[in-house]
Structures are given as C-alpha cells and as structure tokens.
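Everything below concerns the one structure shown next.
No value in this document is a laboratory result; all are computed from the given coordinates. Computed from a prediction, not measured in an experiment: that's the story for all the values here. Neighbour counts are summed over all protein chains in view; Cβ atoms, including those assigned to glycine, are modelled from backbone coordinates with ideal geometry.
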Amino acid sequence: MTAIDLLTAYSGERAQEFEPYFRYSKPSRIVGVEIHAVGMESTTARYSGRDTDAWKVVNNILRIKTADGYEGVSGVDSYYQGDYSDEHLRALQGVIAELVAIESLDPVVVAALLDRVQARLRDAVRSSIDIALWDLASRKANRPLYELLGAKRDSMEPYASLPFYDSLPEHIAAVQEYAKLGYTNFKYHVWGSIDEDMELVKLTQQMFADTSFRFMVDLEEAYDFGDALRLGEQMDEGLFVWLEGPIEDELFAQYGELRKSPALQIIPAGYRVYSREFLTRGIEAGAWDSGRFDATVIGGISKALELLTVANDAGIAIEIQSWGHSLAQAANLHLMLANERTRYFEAPMPKEAYEFGMTNGNLMDQGRVVAPERPGLGINVDWNSLATADFHESAELDFSAAPD
C-alpha cells in the first residue's frame, strides 16, 4: 500500500492527483535532520489523584529537510515522572540513517520498510516520522494537511481539558478561569476514587446546572464496574457529555453493560491499546459509544486513517484526543477536520503553556478551533527559542553529501 492507496481507501475517492507530492527522487532526498527535546515546567502536571508524582512533558520535535528546499515537521509529546528525558530523541536519532537509506518519502511505504529493519521501534517514534512525512507532502502540495486528507470542515467545537487538581474548589475555579477564554465545554481529570469523584460531580451539578457549560470526566481506567456504574448514574446527562476510560479498555462486556444504564456516552481511554484488531473487536462487541486514539501515540497519520476507515465503515465515531503541544494538537486537528464524526477538539490547559516555541500555536478563534491556513500542519516553530526552555536537548544530522 502507498499513501495514495490509503487516501483512496479512506475517502472513497481517487487521490492520484497527490501522487507527485509523495514521489522520491535524488533531487528531493532528505539532506538534513534536526531533533529537539523540549520541556517546560509550566506543563508539569498530574492527570489523576492516583499519580504519586507529577508528569514532566517533553515536546519531541522532528525536522526533516530535503534537497529541493522543503521540510517536514512533527511534534510528539512524551511523559516522565521524575526527571526530563531525551529518550525519544535518542530513539529517533538511532533510526534516521535507516529512514534516509529507504529512499522513499511516502509515509506508508516508509512505515512498512521500517517495520522490516526496526520491528521493535516504538509507535511514538513511528508517529514522529510518519507525521513529518505527511507534513512534507502537504507543504509540497501547498495545502493544509486536512485538505490533502479530504476536508469536511474548517473549524470545530473545543473543550478545555483540565489537569488534575488536589481540591474541589480548584476544579471549579479552573472551569471559571478557562470559560473566560471562550470555552463552554470542560473535561475533568479526577481522583479515581468514587467518593471524591462523586463529590466533584455533585458540586458541578450544583454550580453549573443553569449554564450552557458541558462536562466530561476522564477516569484513566481507574474504576471497577460497580463504581463506574455508580458514578455514571449520578451524572446528569443534560450537563455531562461522556464518561471516559472508566474501566480497563479491554473489558468489552463490562463496557457494553455500562452503556445500557447511564444516558451519557461511554468511551475508552484509547492510549494504551489501539490496534486495528482491537478496535474491530470493541466495535463488534458494542463496547463503546465512540472509539478514541491519538495520532501521535498510535504511529501517526497513516495509522489514524486506517483506524478511521474501520470506524467509519462501522458507523462509529472516534473522539480523537489531542492533549499535547501545538504540533501534536495540529496533527490530530487535521484528522478531525477531515472526518466530521469527531465532535470535540481536546485543548490542554493551561493553554499558553502548550504553545511554547511556536509563533502561531494558538488554534482558537472566537470560541472555535480553526484550521491553520499555512501548508502542512500549519504551525511555525521559532527554532531559536527552543534553547531557552527549562529542558532542551538537540541533535542534528547532515546527509547532504552527494549520493552515489
């Protein structure tokens, strides 16, 4: 399969017009690669009351330069408890020579060939390479990526995705603070304890029952079936939109039982198990109201299009997640804009913290998330600013020597 085959299978329409933008030649070969691992303390956070330590976030930025003057960029976040790490950077650095040796710029072909030589390569590293190659192709086409993927819309409704806070008042204050930025939808990351989580649900229903605000709860797979059912039945379906990752994603039968009781949507966590086979099994079991995954976690745009094709054929939505820095957000946004089944865009808070190092990282406009206008992912990196981060490691590789 090639990228053109994948686009055709996804859209149901021939995509042959885009073939030149994926074509490899000696004059279009990769001649340079930069990798940056960037971390800021302003994004350090907990995502559950069960986290013993806060997670430090590293934005791993890959920049591929070609001989004909184009470049492709991606950003994939990695998370560490304790110290920052350049682990993702080093893993990428270790595979770049093989990427260049493949002599292909087609992300689908590259992924298949890398599988042969790097079978144990982590999916997040595959994501970095795949997204950068899609960005490269759409820059060559002089189009935003979502247009290459088959645009369905150019904006969508966001929700403010909140980190975990230690107290009930802090959760309420965060909703009120981020509402000032234009958000009317909010997602809580909670304790993972039925008593405390129940108190937050009740307080939210008291405080915001007469507002236009809507809420989601992410349980990070912390509950057993009984507690998930109790919390779901407490949540007012007029105020709460969905319950996310209440139990382990593999518990298809229990998910199916959960769907029978609360009127709100039940969706999986989606970041730990996400293969085509797993998605198909969950759909066939009637486990979820919507599926869930993140393109930067599962292997990139190519894998996401494959999974979206499965979901669309089955008539089930995918609530794509996009917690991460601006480049990671943008990769997922382009997928959402090319697939109208995803209802909401996940915007991590604090908002500006995840825009560090970008000159146009803000995707919000008048309460909507809007498509970047520039080609590719549409996000511009301020390369000189990256070295000012609290944590910064980089690597640069030169392949500009004339090929044989």
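Calculate, for ASP313 and THR52, the FRET efficiency according to 1/(1 + (r/R0)^6) with r their C-beta to C-beta distance and R0 41 Å; round to the nearest 0.05. Walk me through the numbers on the way to the answer.
Working: r = 42 Å, r/R0 = 1.02.
About 0.45, to the nearest 0.05.
Summarise the long-distance tail of P(r) for the chain by giving the % of C-alpha pairs beyond 28 Å.
On the way: 37359 of 81406 pairs.
When all Cα pairs of the chain are counted, 46 percent exceed 28 Å.
Counting helices only, and only those DSSP H runs with n ≥ 4, report the 222 nm mean residue ellipticity of the chain as the sum of -39,500 (n - 2.57) divided by its residues, in deg cm²/dmol to the nearest 500. Each step should come with its number before you reach the end.
Working: 14 runs with 141 residues, N = 404.
The helix-only estimate for the chain comes to -10500 deg cm²/dmol at 222 nm.
Pick out, in residue order, every one of the GluC sites (Glu not before Pro) in the stretch 1-36 that is DSSP loop and has at most 12 other C-beta atoms within 10 Å; say none if there are none. Write down the numbers at each step before the final one.
On the way: sites: GLU13, GLU17, GLU34; in loops: GLU13.
Passing sites in the stretch 1-36 are GLU13.
Taking a label point 7 Å from the Cα of ALA263 along the Cα→Cβ vector, which residues of the stretch 217-245 have an amide N closer than 11 Å to it?
Within reach of a label on ALA263, which here means backbone N under 11 Å from a point 7 Å along Cα→Cβ, the stretch 217-245 contributes 236-240.
Note the count of lysine pairs whose C-alpha atoms are less than 25 angstrom apart in the chain, limited to pairs 8 or more residues apart or on different chains.
The result is 15.
Taking the Cα-to-Cβ direction at GLU340 and at ALA101 and moving 7 Å from each Cα, how far apart do the two end points lie in nm?
Rounded to a tenth, the inter-label distance reads 4.7 nm.
For the residue pair ALA112 and ASN142, what label-to-label distance in nm results when each label sits 7 Å from Cα along the Cα-to-beta-carbon direction?
3.1 nm
Could you give the nm distance between label points at THR184 and ASN384, where each point is 7 Å from its Cα heading toward the beta carbon?
4.2 nm
So what's the convex hull volume per residue for the Cα atoms of the stretch 147-370, in Å³? Kindly include the intermediate steps, with their values, before the conclusion.
On the way: hull volume 26.2 nm³, N = 224.
Hull volume normalised by residue count: 117 Å³.
Mind checking the angle between helix 123-140 and the chain's longest principal axis? C-alpha axes, 0 to 90 degrees, to the nearest 10.
Roughly 60 degrees, rounded to the nearest 10.
What is the distance in Å between the Cα centroid of the stretch 116-177 and that of the stretch 24-60?
12 Å
Output the antiparallel fraction of DSSP beta bridges having both residues in the chain, as a percent to the nearest 5.
Values: 34 of 56 bridges.
Close to 60 percent.
Longest exposed-loop-site-free stretch of the chain, with trypsin sites (Lys or Arg not before Pro), DSSP loop and at most 11 other Cβ within 10 Å?
Result, exposed sites excluded: 261-404.
Assigning unit charges at the beta carbon (Lys, Arg +1; Asp, Glu -1) and nothing else, what dipole magnitude in debye, to the nearest 20, does the chain show about its Cα centre? Can you show the working numbers first?
Values: 36 positive and 64 negative charges, 222 e Å.
Dipole size: approximately 1060 debye.
Taking amide hydrogens as modeled 1.01 Å from N in the peptide plane, which residues meet the under 5 Å criterion relative to GLY299, leaving out close sequence neighbours?
Here the answer is SER127, since their amide H atoms fall under 5 Å of that of GLY299.
Rounded to the nearest 0.05, what FRET efficiency do TYR79 and ASP166 have when you use their Cβ-Cβ distance and R0 = 25 Å? Write down the numbers at each step before the final one.
On the way: r = 19 Å, r/R0 = 0.78.
So the FRET efficiency works out to roughly 0.80.
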